[in-house]
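The values are calculated or read from the model by the stated rules, or taken from the named source; none is laboratory data. As the structure is a computational prediction, the values presented were derived from the model and not from experiment. Methodologically, a virtual Cβ is constructed for each residue, glycine included, from the backbone with ideal geometry; neighbour enumeration extends over all protein chains shown. For the accessible areas, the whole protein counts, side chains as well, though only heavy atoms, and no ligand, DNA or RNA atoms are used. Shrake-Rupley method; radii C 1.70, N 1.55, O 1.52, S 1.80 Å.
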Amino acid sequence: MRHTHMGASIGLALGALVLQIPAAAADDSDIRIDPGDASPGSTVTVSTSACDPDADYGKGTSEAGGDFHLFGGDEEGVLTGEFQIPEGTEPGSDTITLKCPPLTKVTGTYRITGRPPEGSVDAGFGPAEDSGTGLALGGGLLFTAAAGVVWLCRRPSADGT
């Protein structure tokens, strides 16, 4: 009885894996998203070879960027389109859905990253344009600590040595 349950569990797990293979292969090979990691304000280019080779038009939808159109590109049988990620879009993943004749639909995802830092970076002493007050204060503290160590080393011990 125990082997029957284990065999059924293994069969169900393998069946679930087999059902996932065609969907994963279609998403990975039929849609190309460039760049794979994009920041708000950047342009994303999407290409697909999933449509009928004679198709010269398709539609795309990005959850973050909205609707866009696909047209025939430099490569035969490949439709290409682009859209811009709006400023202020929160980091995370975005799903793109492409539709083209005859009743073809493919999806893909990419990551929206945070905005890269601009200007100098505050690393504890202030920005690069700082007048040096933080550096002077830090140097004074280091000098005081060094003087204290020297004083402790030269001070006579309790036994007089």
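Values for this structure:
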item	result
Every pair of residues 6+ apart whose Cβ atoms lie under 7 Å, when the first sits in segment 41-68 and is without any contact (Cβ under 8 Å) to a residue 60 or more places away in the chain and aromatic (Phe, Trp, Tyr) while the second is surrounded by fewer than 14 Cβ atoms within 10 Å (Cβ to Cβ) and in a loop (DSSP other than H, G, I, E, B)	none
Condition check for Pro116: modelled with pLDDT under 70, loosely packed, with under 10 Cβ neighbours inside 10 Å and not acidic (Asp, Glu)	yes
Lone qualifier among Ala123, Ala158, Ala128, Ala55 - being part of a loop (DSSP other than H, G, I, E, B), modelled with pLDDT under 95 and under 17 Å from Ile31 (Cβ atoms)	Ala55
Of all residues making up segment 97-113, the number that are within 22 Å of Asp56 (Cβ to Cβ) and either basic (Lys, Arg) or surrounded by fewer than 14 Cβ atoms within 10 Å (Cβ to Cβ) (or both)	5
Considering residues of segment 29-52 that are assigned to a loop (DSSP other than H, G, I, E, B) and within 24 Å of the chain's Cα centre (by Cα) only, the residue modelled with the lowest pLDDT	Gly36
Selection from segment 83-96 of residues that are open to solvent by 40 Å² or more (accessible area, probe 1.4 Å) and outside any strand (DSSP E or B)	Pro86, Glu87, Gly88, Glu90, Pro91
